[in-house]
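Written below as structure tokens is the structure these notes are about.
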Amino acid sequence: MSVVEATTGLAVLQRVILPADSQVDTLPLYVDAGSASGIRLRENDELARAPKLPEDKLQLTSSGGPTVHFDDVISRRSMNVRAGEQVSFGTYFNAFPASYWRRWTDVRSVKLEVNTSGGGTVAVHKSNARGSIQLVESIRVDGTTTSIFDLTLKPFGDGGWYWFDLVAGHEGLTLEDAQWALDEEPRNHGQVTLEITTMNKPDFCLNNARILAANPEALENVKEVLIVDQGTQKVRDEEGFAEVSASLCGKLRIIDQGNLGGSGGFARGMYEAVENGSDYALLLDDDVVVEPESILRMLAFADRCKKPTIVGGHMFDLHNRSVLHTFGEVVDPFRIVPAIPHADMEMRHDFSISNLRQTSWLHRRVDVDYNGWWMCMIPTAVIREIGLSLPLFIKWDDAEYGLRARAAGFATVSLPGAAVWHVSWLDKDDMVGWQSYFHERNRLITTLLHSPYPKGGRVLRESVQSDVKHLVSMQYFTEHGRLEALKDIFKGPEELHATLATKLPEINALRADYSDAQLMENVDDFPAPKLGRGPMGGVAVGLPRKKDLVSWGLKTVARQLVRTPDASAAEYPQGVLAHRDSRWFRLAHYDSVVVTNAEGTGVSWYRRDPKLLKSMLAESARLHLKLSREWDDLATRYRASVADITSMETWKKTFDEHSVDGR
């Protein structure tokens, strides 16, 4: 039996799945307990769109029924429901995202097939965009039963899901399996090149290869699993590689490539997908854990989209696995920063606290500008028309590609029910250190290419503000990188490929000149702060009010320029700050302070230097004024270059220069 066929011969779109044995903490993403009741809806739509207080938010409250027992999970597709209990598959991974299929595909009806044994009730529910739940149909089952429900997608224009609940009778009820399908003959799916870009994370890389090998259904339409290895710790040298490679039945290929960053690695995946005749390039980050069923779902969806569509998966927190990063992202066109699509959406939503049925805003369809390349499937038809990634090394490559695709008429969909687990952004701080160069340069390039506003809207203003924040925070290495980014903007797009492999070593070579870039393992590696030498006489420093920010900034910069650092600050730090406390408005009041990094792996000693502050501030002002004057000419120059620098031919020259083919 093919994996695209249900027992009734239907074409499967989405199978009901359950967590693997090692993922007990993900259970709320797969199955929920009890009924959802107590709907609270405001009649005023304006309040619904922009709730001001937690109690004003649209939400469903749980009835507080029994919890799901992990030991009732039999397999990835089967589970027991204990006598008298109710479980719901109205969850992230098992509800059917009807509004997404309604909006982006030609599908207008689906069939739900539920196979059970034992006695009880199968109840099908749906929701609308406001999160209101409606019972569609329920039937009694007894013995070995196949229940099939015909369900229309017509009412799901703005949002809403389908799902089913199981209520066990006196003897208990077992879900054997279930799937959402189409009443048509199974079609041939498009072929996929699954590409992972890695840089010295061979353990993560090999783990995902094992997950894929253990789920052969997910690989049925994968032409090859391609690992672009850009590190010095090679995946092929990892213990167990030979066994995993053999289990992938000849589909694994490794390309050793110089470190061209994420954009260079993912561009290689796009390039190879086009070259080998695949229909899609599925890009995966290396430091993720993939839900393999996502591949089947993304492929089923993409195959049925009205026109070629980029289909992405969501990102959950690897260290808190029921927490979702965001349900979708857009780019604020005035600021060119990632933003969330609507006011009542929450970042870092925890499904273990409020599951799908209890969270009304999750029922509204979210339309996005791009999807992060932690998991993103791009049709090769799109690649052929708009090119590969920009050669940006890291940062903004995925967002820029989504904007470029949108301008060419190709949408991006972040598909619910398809996801990976990835280290949260809260456990990183990529705005400080060597990555600041790429953030600054690539945001400006994206603005030059895509901003609809004169001089890039608010981007230049915010760039100056960021420079000031880093400088008053004594983050001089970070600021040096940002100034280099501004200088490199003027060199033009022609330099991007040439510097792709050299810019990071150049930035890292600057570390030796800055104490804030010297990372030590323990706080005891530095002198202990002396009692009473902290800033502001020990008074807590808070965030300035928005209306006071300009005056606060001027006063702070003036004070740092004219006031000589405390004589002892060079010998002893005035304090130690945990990373979460090291905000710019606190750091600005220190002459020297030891600060923990975001990962908690080390500490650095920040020391105030008025001469460095003055010179860097002047350089920032000069470069921003020049950028403002030359903005229109630079925008024309960059926009004219896109077709060439993203072409297959130009990228091939870069690949040939920096890689050894792994065939």
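The values are calculated or read from the model by the stated rules, or taken from the named source; none is laboratory data. Being a predicted model, the structure only gives us computed values, none of them experimental. Backbone-built Cβ (ideal geometry, glycine too); neighbour counts: all protein chains shown.
Report every pair of residues separated by at least 6 positions or lying on different chains whose Cβ atoms are under 6 Å apart, first residue within region 177-204 and assigned to a helix (DSSP H, G or I), second buried (at least 24 other Cβ atoms within 10 Å of the Cβ). Close Cβ pairs (under 6 Å, with a partner that is buried (at least 24 other Cβ atoms within 10 Å of the Cβ)) amount to PRO202/VAL235; PHE204/ASP286.
Conditions tested, residue by residue: (1) outside the structural domain of ILE310 (by TED's automatic domain parsing); (2) closer than 22 Å to GLY312 by Cα; (3) out of contact with any Phe, Trp or Tyr (no Cβ under 8 Å at 6 or more places or on another chain).
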site	(1), (2), (3)
THR198	no, yes, no
ASN215	no, yes, yes
GLU220	no, yes, yes
GLN233	no, no, yes
ALA242	no, no, yes
GLN257	no, no, no
GLY265	no, yes, yes
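When each of GLU291, GLU238, GLU220 is tested for being over 23 Å from the mean Cα position of the chain (by Cα), acidic (Asp, Glu) and closer than 26 Å to SER424 by Cα, the lone residue that passes is GLU238. Within region 536-545, does at least one residue satisfy the condition of being surrounded by 12 or more Cβ atoms within 10 Å (Cβ to Cβ), at pLDDT 90 or above and either under 26 Å from ARG511 (Cβ atoms) or in contact with a Phe, Trp or Tyr (Cβ under 7 Å, 6 or more places away or on another chain) (or both)? No, region 536-545 contains no residue that is surrounded by 12 or more Cβ atoms within 10 Å (Cβ to Cβ), at pLDDT 90 or above and either under 26 Å from ARG511 (Cβ atoms) or in contact with a Phe, Trp or Tyr (Cβ under 7 Å, 6 or more places away or on another chain) (or both). Taking (1) over 30 Å from GLY34 (Cβ atoms); (2) within 26 Å of the chain's Cα centre (by Cα); (3) not in a strand (DSSP E or B) in turn, GLY131 satisfies each apart from (1). When LEU166, LEU182, LEU175 are checked against the criterion of being surrounded by fewer than 24 Cβ atoms within 10 Å (Cβ to Cβ), among the aliphatic types (A, V, I, L, M) and more than 25 Å from the chain's Cα centre (by Cα), LEU182 stands alone in meeting it. In this structure, does SER35 turn out to be closer than 27 Å to GLU291 by Cα and at pLDDT 95 or above? Here the answer is no, as SER35 does not meet what is asked. Beta carbons closer than 7 Å, at least 6 apart along the sequence or on distinct chains, pair a first residue in region 445-463 that is surrounded by fewer than 17 Cβ atoms within 10 Å (Cβ to Cβ) with a second that is of a type in the set (Lys, Arg) for GLU462/ARG335.
The set of residues from region 40-93 being under 26 Å from MET345 (Cα atoms) and at pLDDT 95 or above comprises SER88, PHE89, GLY90, THR91, TYR92, PHE93. For ALA11, the conditions (1) modelled with pLDDT of 95 or more; (2) out of contact with any Cys (no Cβ under 7 Å at 6 or more places or on another chain) are fulfilled apart from (1).
Looking at VAL432, VAL413, VAL382, just one residue is of a type in the set (Val, Ile, Thr), crowded, with 21+ Cβ neighbours inside 10 Å, part of a loop (DSSP other than H, G, I, E, B) and in contact (Cβ under 8 Å) with a residue 24 or more places away in the chain, and that residue is VAL432. When every residue of region 95-105 is checked against the conditions, none turns out to be among the β-branched types (Val, Ile, Thr) and either under 18 Å from ALA178 (Cβ atoms) or in a loop (DSSP other than H, G, I, E, B) (or both).
Of the residues in region 436-446, none is at positive phi and aromatic (Phe, Trp, Tyr). Considering only region 283-293, I want to know if a residue exists there that is charged (D, E, K, R), surrounded by fewer than 21 Cβ atoms within 10 Å (Cβ to Cβ) and closer than 21 Å to ARG364 by Cβ. No - not one qualifying residue is present in region 283-293. Tallying residues that are in contact with a Phe, Trp or Tyr (Cβ under 6 Å, 6 or more places away or on another chain) and buried (at least 22 other Cβ atoms within 10 Å of the Cβ) within region 596-611 yields 0. Restricting attention to region 310-343, the residues being surrounded by 23 or more Cβ atoms within 10 Å (Cβ to Cβ) and over 30 Å from ARG461 (Cα atoms) number 7.
Would you pick out the residues in region 466-521 that are part of a loop (DSSP other than H, G, I, E, B), touching a Ser or Thr at 6+ places or on another chain (Cβ under 7 Å) and modelled with pLDDT under 95? If you could, list the steps in order and put the result at the bottom.
From region 466-521, those part of a loop (DSSP other than H, G, I, E, B) are 473-475, 490-492, 496-502, 509-510, 514, 518-519, 521; that's our starting set.
Add one more test, that the residue is touching a Ser or Thr at 6+ places or on another chain (Cβ under 7 Å), and what stays is 497, 500, 518-519.
Those that are part of a loop (DSSP other than H, G, I, E, B), touching a Ser or Thr at 6+ places or on another chain (Cβ under 7 Å) and modelled with pLDDT under 95: GLN518, LEU519.
In this structure, does ARG130 turn out to be in contact with a helix residue (DSSP H, G or I) (Cβ under 8 Å, 6 or more places away or on another chain) and among the charged types (D, E, K, R)? Judged against the criteria, ARG130 is a match.
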